[in-house]
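Before any comments, here is the structure.
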Amino acid sequence: LFSWARICVDEHRGGLGQVMEISHAQGAAFAVSKMFERVRNAAQGREGGGAGAPGRVHVPGAGELRVKGREVVPPGHRIVLATPGGGGLGDPRRRDREKVREDVLDGYVTAEAAGREYGMKEEDS
C-alpha cells in the first residue's frame, strides 16, 4: 500500500526528490526487492551548482535497509523511501528571481532556503 508522498527541494535547480511511505494494507509482513541508486553518494552539481540530496531507505524503529537485494519488512512496519534529488547546474545566485519565488510558492524550497541558497532578499519574495 502506497501511503503518501511529498516532493522535497543553481541557476537551474536540480531535480526534486520525494519521500514515500510503503506498507502492507493489512499490516502483514511483505517482501521488497530493491535496486536503489544515489543513496550513499549524492548527485553532484556542475558549473557551480550544488549537490543533490542523497536518498535514504529505512524502516522506522528498525533501521536502514540495504540499497540492493531482497528483504522482508516485519508485520506492522513500513518502509520510508526518500529518493535522491539531482544536482544543480550553474551558480544558484543567478537563478531567475521569479523562478525562485515560484519554487517558494509551490513548496519546493522554504523562504529561508531561498535567502540562504539563492540570495533572495525578503523584499524579493
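The values are calculated or read from the model by the stated rules, or taken from the named source; none is laboratory data. Every value quoted in this text rests on a predicted model; they were computed, and no experiment measured them. Every residue, glycine as well, gets a Cβ built from its backbone with ideal geometry; the counts of neighbours run over all protein chains shown.
Here Arg97 meets the list (1) exposed (fewer than 15 other Cβ atoms within 10 Å of the Cβ); (2) within 27 Å of Arg13 (Cβ to Cβ); (3) under 19 Å from the mean Cα position of the chain (by Cα); (4) not hydroxyl-bearing (Ser, Thr, Tyr) almost entirely, failing just condition (3).
Restricting to the stretch 35-66, what's the tally of residues that are part of a loop (DSSP other than H, G, I, E, B), in contact with an Asp or Glu (Cβ under 8 Å, 6 or more places away or on another chain) and of a type in the set (Lys, Arg)? Residues meeting the conditions: 0.
Within the stretch 1-29, count every residue that is among the polar types (S, T, N, Q), farther than 18 Å from Asp103 by Cβ and either modelled with pLDDT under 75 or surrounded by fewer than 17 Cβ atoms within 10 Å (Cβ to Cβ) (or both). Give the steps one after another, and end with the answer.
From the stretch 1-29, those among the polar types (S, T, N, Q) are 3, 18, 23, 26; that's our starting set.
Remaining after also requiring farther than 18 Å from Asp103 by Cβ: 3, 23, 26.
Checking the rest, the ones that are also either modelled with pLDDT under 75 or surrounded by fewer than 17 Cβ atoms within 10 Å (Cβ to Cβ) (or both) come to 3, 26.
Final tally of qualifying residues: 2.
Mind checking whether some residue in the stretch 69-82 is touching a helix residue (DSSP H, G or I) at 6+ places or on another chain (Cβ under 9 Å), outside any strand (DSSP E or B) and surrounded by fewer than 16 Cβ atoms within 10 Å (Cβ to Cβ)? Step through it out loud before you land on a result.
Just the residues of the stretch 69-82 that are touching a helix residue (DSSP H, G or I) at 6+ places or on another chain (Cβ under 9 Å), to begin with: none.
No, every residue in the stretch 69-82 fails to be touching a helix residue (DSSP H, G or I) at 6+ places or on another chain (Cβ under 9 Å), outside any strand (DSSP E or B) and surrounded by fewer than 16 Cβ atoms within 10 Å (Cβ to Cβ).
Residues of the stretch 100-123 being part of a loop (DSSP other than H, G, I, E, B), of a type outside the set (A, V, I, L, M) and surrounded by 13 or more Cβ atoms within 10 Å (Cβ to Cβ), which ones? Tyr108, Thr110, Gly119 - these are the residues of the stretch 100-123 that are part of a loop (DSSP other than H, G, I, E, B), of a type outside the set (A, V, I, L, M) and surrounded by 13 or more Cβ atoms within 10 Å (Cβ to Cβ).
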